[in-house]
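The values are calculated or read from the model by the stated rules, or taken from the named source; none is laboratory data. Just so it is clear, the structure is predicted and the values come from calculations on it, not from any experiment. When we count neighbours, we look across all protein chains shown, and the Cβ atoms used for this are built from the backbone with ideal geometry, even at glycine.
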């Protein structure tokens with residue numbers, strides 16, 4: 001019995017915090033109503049530090065391996081007579097690490113808090129009842145060991161397979177030159193190099209939050225944010241299994257029981273490329289009393305996998321399915337709120353679940369390719385980057401958004417420094433402008449003619465509310481007239497976009513309607529890209 005418990009402690013997860021629980025007796029010396037950080041014994045604490053340090057050094061070596069290997073080869077360390085001592089040294093280190101792990105297990109074995117936790121975890125694995133899971137949620141530990149709460153196989157009438165959900169495929173690239181004998185060779189070479197870049201440097205540049213070193217540096221901040229959501233808002237952490245085998249870390253805050261109208265609406269939050277639900281955009285709708293469901297990208301926080309478009313879409317699909325089949329929300333009760341690169345999964349959800357109530361896209365872009373090309377200094381590398389992005393990282397938000405028929409609100413940061421191609425000083429290089437124009441051109445093609453695009457661009461050039469109001473008033477826009485014209489067209493029975501409204505309308509009317517629609521679909525806030533969005537700027541999208 002003692003040996004079995006030692007093995008559980010040896011291979012058990014790292015325990016970080018114990019949340020408050022009315023069903024647990026508080027240990028002696030603990031005061032207050034909130035949770036407390038787990039206090040390891042001296043033996044466990046010191047050995048855990050050593051193992052953590054070795055893990056960080058190993059991660060650093062992996063990231064710098066190309067440079068490190070080149071240096072070792074240049075210095076003559078990669079040769080047969082020097083590799084044997086190195087392998088012996090590595091074997092000694094491995095034995096030392098195993099010894100450290102055993103000592104850490106002994107330290108855990110002598111800690112009553114850890115023994116209580118590991119017993120609850122084992123009991124939940126053997127019998128995953130709601131009562132056992134509720135007790136287990138009182139602990140914050142390595143999410144890898146968390147039992148699954150929902151799987152894609154639980155959904156009836158499954159419409160997908162292990163291949164994943166469907167994505168909008170990139171259009172084939174037009175050939176710039178005539179085919180030659182070397183064309184297939186060059187194409188193959190481009191594909192190989194693009195694959196290597198996408199799965200190494202490219203993916204990490206696109207989603208820096210997936211870097212393990214960054215996550216280790218933010219570990220305590222993420223833990224504090226998670227504790228706040230659980231202990232102050234009674235948040236519920238869940239593990240979802242996607243069709244491609246990834247585990248998605250989610251947090252649900254249920255405010256339906258508070259009786260407020262906002263709690264009946266669920267806001268699903270899609271984070272940015274360095275965002276986590278623990279410290280991300282969940283706080284904005286929470287402040288407004290909405291029920292909120294946050295989730296981490298594959299490879300972020302407790303989620304497994306890597307954040308490529310297919311795995312991102314698969315993750316978003318299971319999050320929506322979980323909200324409907326497990327949490328009991330209707331699709332018409334769901335608002336999808338996204339920040340920055342999260343616009344990809346948000347627009348995918350709108351495209352794939354058209355019954356969703358609305359989309360709110362904050363500081364998002366139309367297409368990631370222009371932003372990726374901005375950071376490429378050498379022009380000869382641009383074709384390679386274009387091939388890599390289109391083949392492996394095709395975040396085509398505008399194309400997906402145009403397939404959604406519901407209400408949309410775009411929030412543009414007028415001092416955005418991340419999604420502008422010419423810097424924050426040039427507000428017209430903000431890719432949010434292109435997202436708005438492409439949406440309006442698709443939905444109202446006869447309104448967004450050359451003149452309509454021109455007046456909307458003039459409005460987009462305004463960097464503050466006074467300048468916006470001046471442009472708006474200079475065209476004498478009559479809001480009541482615009483609403484009545486749109487409602488009359490809607491009552492005619494043509495409710496699906498694109499609309500043919502504006503065919504027989506005079507130029508002045510089209511200009512007014514274009515400005516009216518631009519202001520309804522987009523709101524400007526004078527702030528930078530990474531500033532948290534205040535709830536005062538979080539609005540339900542305009543609905544005719």
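Some points to look at:
- Matching residues, segment 450-476, being part of a loop (DSSP other than H, G, I, E, B) and crowded, with 17+ Cβ neighbours inside 10 Å: 462
- So residue 535, is it touching a residue at least 24 places away in the same chain (Cβ under 8 Å) and under 23 Å from the mean Cα position of the chain (by Cα): yes
- Scanning segment 435-449 finds one or more residues that are within 30 Å of residue 279 (Cα to Cα) and surrounded by 18 or more Cβ atoms within 10 Å (Cβ to Cβ).
- Residues in segment 123-167 that are touching a helix residue (DSSP H, G or I) at 6+ places or on another chain (Cβ under 9 Å), in a loop (DSSP other than H, G, I, E, B) and modelled with pLDDT of 90 or more: 137, 138, 146, 147, 149.
- Among the residues of segment 525-541, those that are farther than 15 Å from residue 283 by Cβ and in contact with a strand residue (DSSP E or B) (Cβ under 7 Å, 6 or more places away or on another chain) comprise 525, 527, 528, 529, 539, 540, 541.
- Meets criteria (crowded, with 21+ Cβ neighbours inside 10 Å and part of a helix (DSSP H, G or I)) for residue 248: no
- Residues that are in a loop (DSSP other than H, G, I, E, B) and under 21 Å from the mean Cα position of the chain (by Cα), drawn from segment 410-434: 416, 417, 418, 419
- Residue match in segment 204-212 (condition: in the same structural domain as residue 372 (by TED's automatic domain parsing), assigned to a loop (DSSP other than H, G, I, E, B) and within 15 Å of the chain's Cα centre (by Cα)): yes
- From the options 284, 345, 265, 274, residue that is under 11 Å from the mean Cα position of the chain (by Cα) and surrounded by fewer than 24 Cβ atoms within 10 Å (Cβ to Cβ): 274
- Qualifying residue in segment 516-533 (condition: assigned by TED's automatic domain parsing to the domain that holds residue 435, modelled with pLDDT of 95 or more and more than 28 Å from residue 267 (Cα to Cα)): no
- Among the residues here, residue 278 does not qualify as touching a helix residue (DSSP H, G or I) at 6+ places or on another chain (Cβ under 6 Å), farther than 25 Å from residue 544 by Cβ, assigned to a helix (DSSP H, G or I) and not assigned by TED's automatic domain parsing to the domain that holds residue 542.
- Residue 533 being under 29 Å from residue 288 (Cα atoms) and assigned to a loop (DSSP other than H, G, I, E, B): yes
- The condition of being under 30 Å from residue 188 (Cβ atoms) and either modelled with pLDDT under 95 or surrounded by 17 or more Cβ atoms within 10 Å (Cβ to Cβ) (or both) holds for residue 396.
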